[in-house]
Amino acid sequence: MNQHSQNGQTLEELQLRIDELEKREVELQKQLRLHTSLHSRVLDALPINVFLEDPEGRTIFANKQACLANGLSLDELVGKTVFDFFPQHIAQLNREIDLEVWEERRLITREAKVGFQGKESIMFSGKTIIELPESGKDFLLGFGLDITDLKKAEKKIEHMAYHDALTGLPNRWFIKAYLEKYLHDFPMGNNQILGVVLLDLDHFKVINDSLGHQAGDALLQAVAERLRDTVGKENILARFGGDEFVLIIPNVSSLDMVNELCDYILDVMKEPFWINKQRFTISPSIGICLHPEHGSDMNNLIKNADLAMYHSKEKGRNCYSLFVPNMKVHAMVRMDMEINLRQALEKQEFVLHYQPKMNLKTGRISGMEALIRWKSDENKLLYPDTFISIAEESGLIVPIGEWVLRKACSECKMWHDAGFDELTVSVNISPAQFQKQNLEEVISVILFETGLPPRALELELTESTVMKEPELASKILKNLKSLGISISIDDFGTGFSSLSYLKNFPIDTLKIDKSFIMNLGYDEENSAIVTAVIALAHILKLKVVAEGVETLDQLDFLQLGACDLAQGFYISKPVEINSIREMVGNCLLV
Ligand code: C2E
Ligand code: CA
Ligand code: CA
């Protein structure tokens, strides 16, 4: 007979049930171990220090990261308080925060620099209370995250926002933030004078356009480096954009001090730069504006420094100017002039006058120089000195120069067709025009369109135009020469180039500047220079033109010195095209 339990189950059935329950328990324990192991693995895998403390501050648990951070094993940590492993003052601070957390029972976080075990890091940490009803106790849960790298990245981003990527200098936003803070702190200067100095590189655009952006960038970097080494640590140099730099002088002791610094900058910038084995010289035009005298807000200060900088450009560049209020009026006049010039080109208000050149051996007119004039609305004749620099600055010189070339070639061709086919025409070429990539193409198209033989066209370039970047100039000149035209160096003697250097260029003629001719016969040294230049030029197989000949004495001197050609008021002032006929026909003989 089967034994039955009280609830009617047989003993076997009971045994089976017990076995089943035991199996369940083993299974549950396995699962519990798995969970516990999973939890601790998850906690250990976190790159965060996690720890639990009892109300007395004794460590109950710490994950792997927390053990590593403290340099102790879990066994060593358990039961210890921060007083056992932190310096007293840090441990004290920790305990105070713990007590605050226990009191307020909310999450308290903080960010702090910690130096521990010889390593400094920035930690984001937090503490809160967790309740464990099963144990009848509450615990303090703490965590700490090392955010050193994050902070570094944040700093880097901030640096990038306020610095220029190309030169590493502070940028426009830095200056804006700096000035805003300064003007807020010292609205009336507080007996302190601040200098805002704007530096703009002369003709940088020409270099950038003709040599490519890479060389342009390399030059900007080199300029930035040199300026940084020049301006002194107490001042702030920033790249304001393009080829513009701003220098802030936070503490101006006197205007002399600013002037001296600007003199020093101009001096240092004279040294050539070498980029890809090419030699460059580049000068800055500088404008100075002072706070509080010249402006009370940032926009005004920058604008006025800009006006002063433009004044330096007008003065001939490579110099500095201090802002004065009438520059504002001047700038407006200038802007008007630019607009009018643009319209003049459209309305065909330009005309050419021609100044003949006399061959000193034959006494005949052999060529003429084309000189631009502007017949404005009021029928006033404006001379190039009043508008060429603005045309150059605004870039308008390129289309105006092209108009001059076309007009001069077509009018010269008219004279050829009328039988004077030995007559040549000389055209002045501005630096911006010369360095424009397509000058050779423009000229060959114009020669083709007008039918003027290339031998009848001569280009007049100043020394500074070719000496600015000699290697590049030499290349351009060779290409131009290959068209069959002639090249003349204008205003010779006013630049820095030596004859021996010029012989490397494919040029045909030297035009001795009028300042040398003016004193011929009176100033012995001057006369000796002119004689020597003529002789040297002849050795180098160059023709010589003397310009600005105003007297018979000067003409005699030049004739004796075997100068080839003469040009000047004594022979003729620049005249309208129709008056040339008479001169050529009369063969003006002295
Ligand atoms: P530049 O090339 O040196 O031209 C000669 C200047 O000297 C002319 O002035 C001429 O009128 C003046 N001159 C000629 N003979 C004498 C003389 O015996 N005594 C004196 N004191 N002066 C004399 P202009 O026409 O006013 O031209 C001034 C400058 O403007 C030129 O100097 C040239 O650099 C520039 N220019 C003129 N036309 C053009 C042009 O079409 N394109 C460009 N880019 N520049 C031009
Ligand atoms: Ca000339
Ligand atoms: Ca000249």
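Here are a few things to note about the model shown:
- A Cβ-based charge dipole, computed about the Cα centre of the chain with Lys and Arg at +1 and Asp and Glu at -1, lands at about 1040 debye.
- ALA161/LEU14 FRET efficiency (R0 60 Å; Cβ-Cβ; nearest 0.05): 0.15
- Here the Karplus curve 6.51 cos²θ - 1.76 cosθ + 1.60, taken at θ = phi - 60°, turns the phi angles of region 98-112 into couplings of 3, 5, 5, 5, 4, 6, 8, 6, 9, 6, 10, 10, 7, 10, 8 Hz, with x standing for Gly and Pro.
- Per-residue ellipticity at 222 nm from helix content only, as computed over the chain with -39500 (n - 2.57) for each DSSP H run of at least four residues, stands at -15000 deg cm²/dmol.
- With eigenvalues of the C-alpha gyration tensor scaled by 5 and rooted, region 46-151, Å: 21, 16, 14
- Using R0 = 30 Å, the C-beta based FRET efficiency linking ASP84 and GLU154 works out to 0.30.
- Distance histogram in 10 Å bins (all Cα pairs of region 344-585, percent per bin): 7, 32, 38, 21, 3, 0
- Ranked THR386, THR230, criterion: other C-beta atoms within 10 Å, fewest first: THR386, THR230
- GLU293-GLN214 FRET efficiency (beta carbon distance; Förster radius 30 Å; 0.05 resolution): 0.10
- Between SER515 and ASP336, the contour length at 0.36 nm per residue exceeds the alpha carbon distance by 61.2 nm.
- The aspartates and glutamates whose alpha-carbon is closer than 16 Å to the alpha-carbon of LYS380, local same-chain residues fewer than 8 away aside, are GLU349, GLU576.
- Fully extended contour minus Cα-Cα distance, from VAL42 to TRP403, at 0.36 nm per residue: 122.0 nm
- Under the Debye formula (equal points on every Cα, no solvent term), log10 I(q)/I(0) of region 379-510 at q = 0.16 Å⁻¹: -0.84
- q = 0.16, 0.20, 0.23 Å⁻¹, region 346-385: log10 I(q)/I(0) [Debye, one scatterer per Cα]: -0.52, -0.64, -0.73
- Extension gain for the segment ILE108 to ASP75, taken as residue separation times 0.36 nm less the Cα-Cα distance, is 9.1 nm to one decimal.
- Spacing of the modelled spin labels on VAL268 and GLU550, each 7 Å from Cα toward Cβ, amounts to 4.3 nm.
- A simple spin-label model places the labels of LEU540 and ASN259 3.8 nm from each other, with each point 7 Å out along Cα-to-Cβ.
Quick note: the coordinates plus some simple rules give every number you see, no bench work behind them. Note that the structure is a prediction, hence the values are computed from the model and not measured. Neighbour counts are summed over all protein chains in view; Cβ atoms, including those assigned to glycine, are modelled from backbone coordinates with ideal geometry.
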